[in-house]
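K.L.:
My structure is below; once you've seen it, I'll send some questions.
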Amino acid sequence: MKYGIYYAYWEKEWGADYIPYVKKAAQCGFDILEIGAAPLPDWSQEQIASLRKCAQDYGITLTAGYGPSFDHNMGSADAAIRENARNWFAKLFDVMGQLDISLIGGALYSYWPVDFSGTIDKERDWSYSVEGVRTLSELAKPYGIRLGMEVLNRFENYLLNTAEEGIRFVREVDRDNVKVMLDTFHMNIEEDSISDAILAAGDLLGHFHTGECNRKVPGQGRMHWKEIGEALRKIGYQGTVVMEPF
């Protein structure tokens, strides 16, 4: 496994210059720095080249995370929003390819955080999301990018709240570069058993976020890390593990 940290641990705002955090991650002994994908499509060639060189110089692998905005929702019932999202993700994947980023995780099947004030039609949106993620899969494939469908708690989204839903969704999408992404913070809220959820995901698990129930770094809360580690070993997980404390 490779271990990393999300840049936002050192930030108070979502926007950031990622280069100092590449250096911090390396100094801390991490393999990975996960960065926010939102600004990447607007980056200049100079910004792209600088971050890529820095990551190479420090031996850090970059991964990306994104909670799509309302107008980047590939699962929207509005065809204009889906088209806008498709165009935006196409630009994003091109920049990710230039940065050698081969993994992005988040609520890529929807948007984040969800506005619950309107009417929710989960069955309809699920159908649009499956087709939308298939489209993302094809856009990502030329760059060798894998997509992690992050399972979120019910207060932040409504489509994928449990590992069981994440597994069912990924199987329905049925694309090799689309995987389940689990996060211990969200699992702590929604799962009856975190280890059982990991075991159920098995070889569909493509990315794993760690964080305490209080959003602190692992070890500063009450999560059962031994149980979690044993479950990952049981499924033979050799993928990426990224801390996401705030």
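K.L.:
Got the relative contact order for region 4-80 handy, in percent, Cα pairs under 8 Å and 6 or more residues apart?
P.N.:
Worked out over region 4-80, it gives 34 percent.
K.L.:
Could you tell me whether region 126-246 comes out rounded, prolate or oblate from its Cα gyration tensor? Rule is a ≥ b ≥ c as square roots of the eigenvalues, rounded for a/c under 1.5, then prolate if a/b exceeds b/c, otherwise oblate.
P.N.:
Note, shape of region 126-246 comes out prolate.
K.L.:
Can you show me the helix-derived [θ] at 222 nm for the chain, built from DSSP H runs with n ≥ 4 at -39,500 (n - 2.57) apiece and divided by the number of residues, rounded to the nearest 500.
P.N.:
Using -39500 (n - 2.57) per qualifying helix, the result is -12500 deg cm²/dmol.
K.L.:
Now for a different question. When we measure straight from the Cα of K24, which lysines land under 21 angstrom away, once same-chain ones fewer than 8 places off are left out?
P.N.:
List returned: K2, K12, K53, K216.
K.L.:
For region 81-169, what's the relative contact order in percent, using C-alpha pairs closer than 8 Å and at least 6 residues apart?
P.N.:
Result for region 81-169 is 38 percent.
K.L.:
A further question on this structure: Name the shape class, rounded, prolate or oblate, that the alpha-carbon gyration tensor gives for region 1-64, where a ≥ b ≥ c are the square roots of its eigenvalues, rounded holds for a/c under 1.5, and otherwise prolate holds if a/b is larger than b/c and oblate otherwise.
P.N.:
oblate
K.L.:
Just to confirm, what accessible area per residue do you get for the chain at 1.4 Å probe, in whole Å²?
P.N.:
I get 46 Å² per residue for the chain.
K.L.:
Mind checking which aspartates and glutamates have their C-alpha under 16 Å from K179, skipping anything on the same chain fewer than 8 residues away?
P.N.:
Straight-distance partners of K179: E131, E138, E150, E164, E165, D203.
K.L.:
Counting Lys and Arg as +1 and Asp and Glu as -1, each charge on the Cβ, what is the dipole of the chain about the Cα centre in debye, to the nearest 20?
P.N.:
Here the size comes out at about 620 debye.
K.L.:
While we're on this one: Based on DSSP, what percent of beta bridges with both residues in the chain are antiparallel, to the nearest 5?
P.N.:
0
K.L.:
Order the following by accessible area, largest value first: W112, W14. Probe radius 1.4 Å; ligands, DNA and RNA are ignored.
P.N.:
W14, W112
K.L.:
What is the chain's relative contact order, in percent, from Cα pairs under 8 angstrom and six or more apart in sequence?
P.N.:
It comes to 19 percent, rounded to a whole number.
K.L.:
Run the accessible area of the chain with a 1.4 Å probe and give the carbon-and-sulfur part as a rounded percent.
P.N.:
Whole-percent figure for carbon plus sulfur exposure: 48.
K.L.:
Considering the values (i) 81, 38, 30; (ii) 46, 43, 33; (iii) 52, 50, 34, which represents Cα extents along the principal axes in Å as calculated for the structure under consideration?
P.N.:
Here the calculated entry is (ii).
The values are calculated or read from the model by the stated rules, or taken from the named source; none is laboratory data. Values in this document were obtained by computation on a predicted structure and should not be read as measured data. Methodologically, a virtual Cβ is constructed for each residue, glycine included, from the backbone with ideal geometry; neighbour enumeration extends over all protein chains shown. Keep in mind that these areas ignore ligands, DNA and RNA; they rest on the heavy atoms of the full protein, side chains included. Shrake-Rupley method; radii C 1.70, N 1.55, O 1.52, S 1.80 Å.
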